[in-house]
Amino acid sequence: MQETVFVTGGAGFIGSNFILRQLAQNSSSILNLDKLTYAGNLRNLDAIASDNRYEFVHGDIGDRALVRRLLQDRTPHAVVHFAAESHVDRSIRGPDDFIRTNVDGTFALLEEARAYYENLREQPRQNFRFLHVSTDEVYGSLAPADPPFSERTPYAPNSPYAASKAASDHLVRAYHHTYGLPTLTTNCSNNYGPFQFPEKLIPLMILNARDRKPLPVYGDGQNVRDWLYVEDHCAAIATVLARGRVGETYNIGGWNEKRNLDIVYLICDLVDEIEGRSGAARRELITFVKDRPGHDRRYAMDASKIERELGWRPRETFETGIRKTVLWYLENAAWVKEVTSGSYRQWIETHYSS
Ligand code: NAD
Ligand code: DAU
């Protein structure tokens with residue numbers, strides 16, 4: 001019988017990249033449960049919409065009756081849990097949805113997965129996995145000379161988003177420790193690539209540079225993030241799902257720390273090169289704006305455990321990945337137009353006007 005992966009949040013940025021990759025590389029079926037919030041977009045999955053190994057269900061991970069029915073009917077061999085509210089700035093303006101989805105929603109999913117797992121027969125029970133997709137932000141902020149975050153770094157989340165993800169990580173840990181649910185947790189650094197909603201730094205800067213709009217850099221632009229191409233993240237998740245040790249957490253990163261300002265410079269130069277430069281260099285559009293409250297200064301990931309134990313390493317270099325990403329946004333004007341209408345414009349106006 002064909003195996004099924006139950007994906008939550010598969011219409012979002014990373015989830016949709018994961019589904020496209022899985023169906024291209026693997027024979028298992030995918031069930032995608034997504035609420036289609038502002039960040040969910042079925043267009044991302046146009047390429048596989050009519051693939052008979054793929055099924056989409058519109059719904060909330062917090063709807064326990066729905067989740068129960070899907071688990072019972074589709075009998076997945078794994079749950080890969082992406083669904084979340086994911087934007088730090090939105091969590092600062094209004095944390096409610098972050099608690100509802102990231103904490104309560106993960107709890108609901110865990111409860112239903114536990115009930116399902118406990119009723120499985122011997123063989124499917126041995127194979128079942130619950131993979132929770134999390135973030136490096138749970139570890140807090142690093143000083144310039146600190147070593148990168150490892151799996152043993154104590155949690156110190158600083159934003160409501162990070163705190164909600166930390167809470168969900170703790171719940172997942174507890175469900176393994178207490179109930180024996182076969183969980184895996186991945187904590188990854190900043191992703192970039194196709195299908196990322198343009199509220200996040202890289203797509204926002206590409207599109208503003210294209211349109212010659214101001215490029216809003218928070219604070220002094222010296223904050224550091226570790227960047228990983230989204231396909232590499234998806235490959236790492238697939239690797240952990242296939243071979244990760246049950247109950248373990250794995251840090252995933254690109255060994256690629258960059259200051260925000262350097263990222264924006266690079267994007268400006270690439271857009272100048274690709275679109276041509278009639279007039280001033282796009283770097284001149286950079287505008288320093290009020291800092292994000294509680295803005296974490298530096299993230300860096302020690303991804304040596306996943307390399308040592310499972311043999312995963314990123315394939316894409318930042319130079320090739322960022323060029324592909326800039327090209328993708330410039331070449332996919334219809335996708336961009338659709339996601340940047342309506343509520344997106346409202347967010348940009350409210351957030352950046354202050
Ligand atoms: P995203 O915001 O692009 O997508 C989230 C998806 O979840 C959307 O399709 C949305 O509709 C769906 N969703 C939200 N609430 C839901 C609910 N209650 N029920 C069902 N579906 C719901 O997020 P992303 O950037 O793709 O991130 C995916 C996961 O990876 C998140 O858990 C995030 O914390 C984690 N993560 C993201 C990054 C990053 O750089 N983007 C890095 C590390 C970890
Ligand atoms: O580290 C992993 C996390 O990366 C994920 O868990 C989150 O879901 C994801 O959104 C991302 O969080 P960040 O806050 O790091 O990403 P963002 O793209 O919002 O911001 C990246 C950096 O750029 C951060 O230091 C803030 C800065 N920034 C962001 C925006 C949107 C700006 O300077 N200007 C901006 O307009």
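Per-residue answers, yes or no, for (1) open to solvent by less than 40 Å² (accessible area, probe 1.4 Å); (2) under 27 Å from Asp232 (Cβ atoms):
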residue: Ile92; (1), (2): no, no
residue: Asp96; (1), (2): no, no
residue: Leu110; (1), (2): yes, no
residue: Arg114; (1), (2): no, no
residue: Asn119; (1), (2): no, no
residue: Pro144; (1), (2): no, yes
residue: Ala166; (1), (2): yes, yes
residue: Thr178; (1), (2): no, no
residue: Phe195; (1), (2): yes, yes
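Please determine, by comparing only the residues of segment 5-40 that are modelled with pLDDT of 95 or more and among the polar types (S, T, N, Q), which one is farthest from ligand 1 (Cβ to nearest atom). Per the stated criteria, the residue is Ser29. Residue check: Leu45 meets all listed conditions (1) open to solvent by less than 40 Å² (accessible area, probe 1.4 Å); (2) away from ligand 1 (no atom under 11 Å from the Cβ); (3) among the hydrophobic types (A, V, I, L, M, F, W, C) but one, namely (2).
Of all the residues in segment 325-344, those that are more than 16 Å from Ala39 (Cβ to Cβ) and surrounded by fewer than 17 Cβ atoms within 10 Å (Cβ to Cβ) number 6.
Identify all residues within segment 186-226 that are of a type in the set (Val, Ile, Thr), under 16 Å from Ser86 (Cβ atoms) and more than 11 Å from ligand 2 (Cβ to nearest atom); write none if there are none. Scanning segment 186-226 gives a single hit, Thr186.
When Val88, Val133, Val103 are checked against the criterion of being within 18 Å of Ile237 (Cα to Cα), β-branched (Val, Ile, Thr) and touching a residue at least 12 places away in the same chain (Cβ under 8 Å), Val133 stands alone in meeting it.
This table checks each residue for (1) within 14 Å of ligand 1 (Cβ to nearest atom); (2) over 24 Å from the mean Cα position of the chain (by Cα).
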{"site": "Asp97", "(1), (2)": "yes, no"}
{"site": "Arg100", "(1), (2)": "yes, no"}
{"site": "Ala113", "(1), (2)": "no, no"}
{"site": "Tyr117", "(1), (2)": "no, yes"}
{"site": "Phe128", "(1), (2)": "no, no"}
{"site": "Ser141", "(1), (2)": "no, no"}
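Only a single item in (1) in a helix (DSSP H, G or I); (2) open to solvent by less than 40 Å² (accessible area, probe 1.4 Å) is not met by Glu349, and it is number (2). Within segment 288-315, no residue that is under 25 Å from Tyr265 (Cβ atoms) and open to solvent by 70 Å² or more (accessible area, probe 1.4 Å) sits with its Cβ atom under 8 Å from a residue that is at pLDDT below 95 and in a strand (DSSP E or B) at 6+ positions apart or across chains.
Looking across segment 11-36 at every residue that is within 16 Å of ligand 2 (Cβ to nearest atom) and touching a residue at least 60 places away in the same chain (Cβ under 8 Å), the one that is nearest to Glu112 (Cα to Cα) is identified as Gly15.
Only one of the listed residues (Asn190, Asn158) is open to solvent by 40 Å² or more (accessible area, probe 1.4 Å) and on the phi < 0 side of the Ramachandran plot. That residue is Asn158.
For segment 261-272, give me each residue that is under 17 Å from Ala300 (Cα atoms) and surrounded by fewer than 19 Cβ atoms within 10 Å (Cβ to Cβ). Result: Leu261, Asp262.
Taking segment 86-104 as the range and being under 15 Å from Ser168 (Cα atoms) and among the basic types (Lys, Arg) as the test, only Arg100 passes.
In segment 203-224, the condition of being at pLDDT 95 or above, under 23 Å from Thr153 (Cβ atoms), within 15 Å of ligand 1 (Cβ to nearest atom) and open to solvent by 10 Å² or more (accessible area, probe 1.4 Å) is met by at least one residue.
The values are calculated or read from the model by the stated rules, or taken from the named source; none is laboratory data. Being a predicted model, the structure only gives us computed values, none of them experimental. We place every Cβ from the backbone using ideal geometry, glycine too, and count neighbours over all the protein chains shown. All accessible areas refer to the heavy atoms of the entire protein, side chains included, with ligands and DNA or RNA removed. Shrake-Rupley method; radii C 1.70, N 1.55, O 1.52, S 1.80 Å.
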